[in-house]
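Notes follow once the structure below has been shown.
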Amino acid sequence: MTDVSITPGSASPASFLLRGTAANNTLRLVGMDSTAVVEEARIRHDLSKTATAALGRTLTASVLLATVLGKRSDSRVTVRVDGNGPLGWIVAEGSVDGRVRGYVRHPEADLPLRQSDGKLDVSGVVGQEGELAVTRLLDNGEPYTGSVDLVSGEIAEDISTYLGVSEQIPNAVLLGVYEEGGRVYRAGGLLIQAMPGVTDETLARLEANVKAFGQITDHLRRGSLMEAMHAITAGLGLQLADSAQDARFECRCSREKAADSLKFFGPEERAEMMNGGGQNVHCHWCGEDYLITPAEIAALNAQEAHGLA
């Protein structure tokens, strides 16, 4: 079992997931400490404080959803949040193996802290009107997209609504990002799924635990993900898996794919790129830039001329 905790001022731990069951296998739990993942996203995309919280929650949710909905070891789930707030859209892709990537339309978008409680105004920056869509692969390998209207723009409530309405999965979802000293100090999430055979008594106890639980980042700041999972299932007999799973911000872009994208341009456009010293290709998912040189563009032209492209 991997359990990671940090002390004030220490470096962010590697991100990881924990899985477990409770109440005689009638509750399924997936937890994620996404601190390192969200901090990397903040740096890569130069995110504002509130944008970091919004994207961080969505990145975490995408991995939790992939774990619950994925049918294969290579399954991926894409979450897209289209709200009417200044942030624009949020897109995150999470994989069963713990890989995740994502970005927002306007990374600089920010709002003052809420006057009501002094917390980040994620709902305001995302917007309370719009749509949350989740795309996953069915058993036959075909993509399927389900969507729901946004209910709050806080992400966790919207994900929970999606699971209940589109997937017919009774659930509880908690997501959080806590920033301190100009960096992501703690981030994580919990997804609890009710399984067949769950009793009303178990659901009532879980509901009481969730109400008393508070913010997940408060638990992660005080202790660990494992302790948070025990707290949310107090009195329900949590059984954790023997080991944790690593999670990481990892994009599927590459220099080769960036060069291949120039195939969609015509010969005259590519000639202009060569005369201009090459072409920069930017990956929106991870913020990586690839400068494709004139020689590489010429090689692409030669491949097309010989029918190899």
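Of the residues that make up segment 188-200, is at least one in contact with a Phe, Trp or Tyr (Cβ under 6 Å, 6 or more places away or on another chain), in a helix (DSSP H, G or I) and without any contact (Cβ under 8 Å) to a residue 60 or more places away in the chain? The answer is no, given that none of the residues of segment 188-200 is in contact with a Phe, Trp or Tyr (Cβ under 6 Å, 6 or more places away or on another chain), in a helix (DSSP H, G or I) and without any contact (Cβ under 8 Å) to a residue 60 or more places away in the chain. Those helices (runs of 4 or more DSSP H) of segment 249-309 in which 3 or more residues are among the acidic types (Asp, Glu) occupy 267-275. Please go through segment 167-187 and pick out each residue that is more than 21 Å from Asp33 (Cα to Cα) and free of Cβ contacts under 8 Å to residues at least 60 places away in the same chain. Correct list: Gln168, Pro170. Scanning segment 29-66 for residues that are among the β-branched types (Val, Ile, Thr) and surrounded by fewer than 24 Cβ atoms within 10 Å (Cβ to Cβ), we see that the one that is nearest to the chain's Cα centre (by Cα) is Val30.
Within segment 114-129, being modelled with pLDDT of 95 or more and surrounded by fewer than 17 Cβ atoms within 10 Å (Cβ to Cβ) holds for Gln128, Glu129. Looking only at residues of segment 67-96 that are among the acidic types (Asp, Glu) and surrounded by fewer than 20 Cβ atoms within 10 Å (Cβ to Cβ), we find that the one that is nearest to Thr217 (Cα to Cα) is Asp82. State whether the residues of segment 130-148 include one that is modelled with pLDDT of 95 or more and more than 29 Å from Cys251 (Cβ to Cβ). No. Taking the criterion of being more than 16 Å from the chain's Cα centre (by Cα), under 22 Å from Asn209 (Cα atoms) and of a type outside the set (Val, Ile, Thr), the only residue of segment 156-167 that qualifies is Gly164. For segment 132-172, a residue qualifies if it is within 12 Å of Val79 (Cβ to Cβ) and assigned to a strand (DSSP E or B), and the qualifying residues are Leu132, Ala133, Val134, Thr135, Arg136, Thr145, Gly146, Ser147, Val148. Within segment 117-131, none of the residues are within 30 Å of His230 (Cα to Cα), in contact (Cβ under 8 Å) with a residue 12 or more places away in the chain, assigned to a loop (DSSP other than H, G, I, E, B) and hydroxyl-bearing (Ser, Thr, Tyr).
Restricting segment 242-270 to residues that are among the polar types (S, T, N, Q) and within 25 Å of His45 (Cβ to Cβ), the residue that is surrounded by the fewest Cβ atoms within 10 Å (Cβ to Cβ) is Ser254.
The values are calculated or read from the model by the stated rules, or taken from the named source; none is laboratory data. These numbers were taken from a predicted model, which means no experiment stands behind them. Cβ atoms come from the backbone with ideal geometry, glycine included; neighbour counts cover every protein chain shown.
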